[in-house]
Structures are given as C-alpha cells and as structure tokens.
C-alpha cells in the first residue's frame with residue numbers, strides 16, 4: 001500500500017510539473033463550451049443540412065450529441081500519458097523507482113482518472129454555458145430544461161473521464177505512441193461504427209465501447225437514423241449505469257492485458 | 001558538480017551485488033551466455049568488455065529492467081524488485097534520456113522523490129551536490145549531454161543509496177565533473193558503499209577501481225582484484241587488450 005501511495009504521489013507531482021493539466025482543461029472547455037457555443041450562436045437551423053433549433057428537444061439533444069464526437073480527445077490524452085514514458089525513455093527511471101510495474105499502471109489510472117473527472121466536469125459545465133449562450137443571443141428558450149441539459153452533459157463528462165482511463169490502458173498495452181493513437185482512433189471511428197451497421201453482428205454493439213457510450217450518454221440519434229434509413233432494427237441500448245460499467249470493464253480488461261503482457265516486457 | 005562536496009559523512013552499509021550464470025537472448029540474438037559478477041561493499045568494481053559484450057544487459061538484469069532467461073541477479077540476496085525501498089539501497093545511472101525533456105531538473109527530481117518516498121528537501125541538496133542548482137528551473141530539452149549526465153547522477157543519488165550502479169557515467173562530463181565523480185566514488189566506497197561502474201575509459205577506470213569483472217561475447221572472462229589483473233602488465237588498458245586478443249584468437 002505504501003508503494004501505491006508513493007506512486008500516486010509521484011504521478012501527481014509528475015503531472016503538475018508539466019503543462020498537461022492546463023492543456024487538458026482548455027481542451028475540455030473547447031470541446032464543451034466552444035463547440036456547443038458556436039453551433040448555438042450560429043443556430044443549428046442554419047447548418048447544412050438544417051438541424052432542429054435550440055428551442056426544440058431534438059435541437060438541444062443534437063447539439064449535446066456533438067460532445068460524443070469529441071470523446072477521442074480525453075482518450076488521446078490518456079494514451080499519451082503512458083506512451084510518453086516510452087517515447088521519451090523515462091520508463092526505465094520510473095520502473096527503477098517503482099519496480100512493481102502493476103503499481104505504476106494503477107497509480108497512473110488513479111491520477112488520470114482524477115484528471116478525467118476534472119476534464120468531464122469542465123466539459124459538462126462549459127457545454128451547458130455554450131447552449132444557454134446560444135439561446136440568450138438568439139432570444140429563444142431552450143427546448144430542454146436546465147436539469148435535463150445538465151444531466152446529459154454530466155453523462156458525457158463521465159464518459160470523457162472513462163475514455164481517459166481507456167486511453168491510459170490502451171497506451172499501456174500498445175506502448176508505442178503512434179500505434180496506441182492509431183488503435184484508439186481507428187477503433188472508435190471505424191471498427192465501432194462498422195459493427196453498428198452490420199446486420200447480425202450489430203447485436204453485440206451495446207456491449208462494445210461505442211454502444212456502451214451510447215447507453216451511458218443516452219445518445220441514440222445516430223442509431224435511430226440508421227434504423228430509419230435501412231429498415232434494420234437498431235441494437236438495443238442498455239441503461240446509463242450498465243453502459244458505464246461496460247466501459248469500465250474494458251478499462252479493466254485492457255489494464256489486465258497490459259499487466260500480464262506489455263508491462264512484463266524488457267526495458268532495453 | 002561541486003568538487004569537494006557530497007562525500008558521504010556517515011558509514012554506509014553497502015549491498016552485495018551478485019549475478020550468477022546469467023543467460024539472455026533477444027529473439028534469436030544471444031546477448032549473454034554465462035555471466036557471473038560480484039561487487040562487494042567498500043569496493044569499487046569495474047565492469048568492462050568490448051562493445052556488445054553484454055555489459056548494459058547485465059546491469060539491466062541486476063536492476064530488474066530486463067528478465068534473464070537463466071541465472072540469478074540479486075542485491076543482498078534478493079532481486080531488485082523485491083527490495084522494500086530499492087532507490088534507497090541502489091542508485092542507478094543508466095540512461096541519459098531518463099527525464100522528460102519538457103520538465104525542469106527540479107520538477108523531475110521532485111517527481112522521483114515522491115515516487116521513491118523521500119523528503120522533497122533532499123531535492124535541493126542533490127541539485128547542489130551535482131552542480132545543477134543554477135539550472136534547476138530550466139527545461140531539460142536544452143541540456144547538453146554532460147548536463148543530462150549530471151541529472152542522471154542526481155536522480156541516482158536522490159535516495160541516498162548505499163550502493164551505486166553506473167553505466168558509462170563519465171560520458172559527456174567535463175574534466176572537473178570527471179574528477180569530482182572519481183573522488184565521490186572513492187569516498188563512497190571508502191565509507192562502506194558498493195560501487196559497480198561500467199566504462200570504456202580504462203585509463204580513468206584504473207584510477208578508481210579496486211576489483212574488475214571482464215566480459216566478452218556475453219560471458220565472463222575474468223573476475224578479481226585489479227592488482228591481480230594488471231600484475232604482468234603496465235596498465236589496465238594493456239592487460240585488457242591482451243586478454244581480449246587472446247579471447248578473439250581462441251574464438252577465431
């Protein structure tokens with residue numbers, strides 16, 4: 001336990017001695033407030049093709065669903081957190097200080113979990129501010145109440161925190177920075193979407209990271225659109241809690257894989 | 001580095017560093033095929049051999065960074081990873097690029113202090129000891145090789161260990177830094193500490209070591225006191241070259 005305490009303190013000090021926390025929170029504000037603010041201020045109905053306005057339930061939901069597109073950002077931050085150790089060859093120094101490599105990974109997960117929660121909080125609050133800024137400037141009332149908007153935003157915030165952990169665990173498995181980034185982006189933007197639309201295979205979608213994220217955030221717009229266009233029944237989405245648990249299971253599975261395989265490799 | 005400072009003032013209880021029958025291959029490439037090594041408290045042990053002989057691999061196995069296929073490597077009879085506070089037993093200088101380039105020396109050492117569980121106040125002392133106090137707030141990415149070497153030494157000394165493993169520690173150091181290091185290692189060993197130092201600079205090594213381990217082609221060729229090794233030769237360099245030539249002749 002003392003080793004884990006030291007490792008957590010060390011990872012916290014390491015994090016605060018770089019500009020990463022500042023850039024992380026600025027990224028969260030950009031992905032949350034700036035993105036929803038720009039769409040809100042210009043008016044979703046002026047987009048091509050036009051989207052429902054912010055004075056409708058669909059309009060607010062559509063703008064909030066944009067947060068889902070930005071979830072790659074915390075995942076990449078988490079990925080870089082651990083692959084940076086290999087890229088800058090600091091990993092030997094870290095493993096000399098903390099020879100139990102599983103302890104190092106656990107400490108990074110805890111510290112970046114906290115950073116992910118901070119990211120999620122800034123993402124959620126700034127998204128709410130962005131949407132309300134849009135409604136105030138356009139002189140309209142939001143189609144959803146504050147509680148509903150805040151609730152959905154917070155769910156995206158929690159998803160962002162878990163995605164940061166996913167990034168850390170994927171980075172621990174891959175070790176190579178470009179490979180880890182490639183896996184992260186490739187999976188979330190290609191494989192996940194392919195599984196969603198392939199008949200027969202898409203029954204697994206709710207249990208894949210993308211489906212679990214949709215369950216957690218309640219973002220079903222894309223699934224409904226595909227179902228309407230193709231006539232195929234959309235995958236059944238789970239509850240938000242189950243979605244979060246499925247995502248956390250992926251974090252645990254990737255971390256266990258890293259502990260058994262990647263972290264045991266020689267540091268040369 | 002500040003010459004004349006940092007000599008351990010108290011008696012040290014140095015660890016026994018021991019490797020027996022080490023064998024290691026990286027894929028199909030054999031790196032070690034039978035390395036034995038012993039470094040004792042109160043002694044400076046030189047670890048020498050040609051390029052590719054397996055010195056760095058041996059040191060990495062001793063410190064738990066690389067797993068041996070066969071054989072054992074222990075610090076006071078236990079593997080490095082099993083030590084309760086490893087950085088307070090053994091300081092390791094092994095890689096110039098051991099610190100994030102975007103960090104400052106102070107930030108790097110504060111991180112290390114937290115990781116190894118020593119007071120943050122020790123950071124200032126080790127910065128002064130290694131002559132880095134004036135550049136403690138500068139980003140490491142702008143550092144010369146010598147400055148990075150000083151930082152690697154500072155990292156190794158941070159835990160106030162009673163043993164030191166140094167892989168090519170004089171690389172990039174200026175003459176005053178080399179002299180400081182030589183005096184430091186001598187004083188460290190005289191106080192009871194254990195020093196295992198790998199270097200290709202044999203003339204420098206001869207001035208500080210008591211014992212010698214020579215490896216070539218991944219296996220041990222000689223182990224014992226420097227005096228015995230150089231008994232029939234004018235210098236360590238001459239004795240080394242003589243033994244390596246004999247080995248190559250046998251291998252050829």
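Values in this text are rule-based calculations from the coordinates and carry no lab data. Please read all numbers here as calculations on a predicted model, not as lab measurements. Because the Cβ atoms are built from the backbone with ideal geometry, glycine has one as well, and the counts that use them run over all protein chains shown.
So what is the 222 nm mean residue ellipticity for chain A from helices alone, if each DSSP H run of at least 4 adds -39500 (n - 2.57) and you divide by all residues, rounding to the nearest 500 deg cm²/dmol? Mean residue ellipticity at 222 nm (helix-derived): -23500 deg cm²/dmol.
Can you run the Rg to Rh ratio on the protein assembly as shown? Use alpha carbon positions and the Kirkwood inverse-distance Rh.
Result: Rg/Rh = 1.11.
Which of rounded, prolate or oblate describes the stretch A:145-222 when judged by the alpha-carbon gyration tensor and an a/c cut-off of 1.5? In terms of gyration-tensor shape, oblate.
Only alpha carbons enter this Debye calculation for the stretch B:1-138, each as an equal point scatterer, and the log10 of I(q)/I(0) it gives at q = 0.16, 0.22 Å⁻¹ is -1.01, -1.35. Both radii come from the Cα set of the stretch A:1-95: Rg as radius of gyration, Rh as Kirkwood radius; their ratio Rg/Rh reads 1.20.
Summarised as an ellipsoid, the stretch B:127-251 has semi-axes of 31, 16, 13 Å, derived from the eigenvalues of the Cα gyration tensor scaled by 5 and square-rooted, with the largest first.
Note on chain A: Rg/Rh from C-alpha atoms, Kirkwood Rh, equals 1.01.
Computed over chain B, the per-residue total of -39500 (n - 2.57) for DSSP H runs of n ≥ 4 gives a 222 nm mean residue ellipticity of -10000 deg cm²/dmol, rounded to 500. Based on Cα contacts under 8 Å between residues 6+ apart, chain B shows a relative contact order of 29 percent. When the alpha carbon gyration tensor of the stretch A:67-121 is reduced to an equivalent ellipsoid, the three semi-axes, largest first, read 25, 13, 7 Å. Once you treat every alpha carbon in the stretch B:100-160 as an equal point and sum by Debye, what is log10 I(q)/I(0) at q = 0.26 Å⁻¹? Cα-only, vacuum Debye calculation for the stretch B:100-160: -1.08. For the stretch B:100-160, the relative contact order comes to 46 percent (Cα pairs under 8 Å, sequence separation of at least 6).
Exposure proxy shown here: for B:93, A:251, the number of other Cβ atoms within 10 Å sets the order, fewest to most, as A:251, B:93. From the alpha carbon centroid of the stretch A:1-63 to that of the stretch B:96-130 is 33 Å. Using the empirical formula 2.2 N^0.38 Å as the baseline, the Cα radius of gyration of the stretch A:114-163 reaches a ratio of 1.22.
Normalised by the residues of the stretch A:2-264, what does the relative contact order come to in percent, with Cα pairs under 8 Å and at least six apart? If you can, show how the numbers build up before the last one.
Details: 408 pairs, mean separation 62.7, N = 263.
Relative contact order here is 24 percent.
Can you tell me the mean projection area, over all orientations, of the convex hull of the stretch A:26-166's alpha carbons? Units nm², please.
The directionally averaged projection comes out at 9.0 nm².
When all alpha-carbon pairs of chain B are counted, what percent fall beyond 30 Å? Tail fraction, whole percent: 25.
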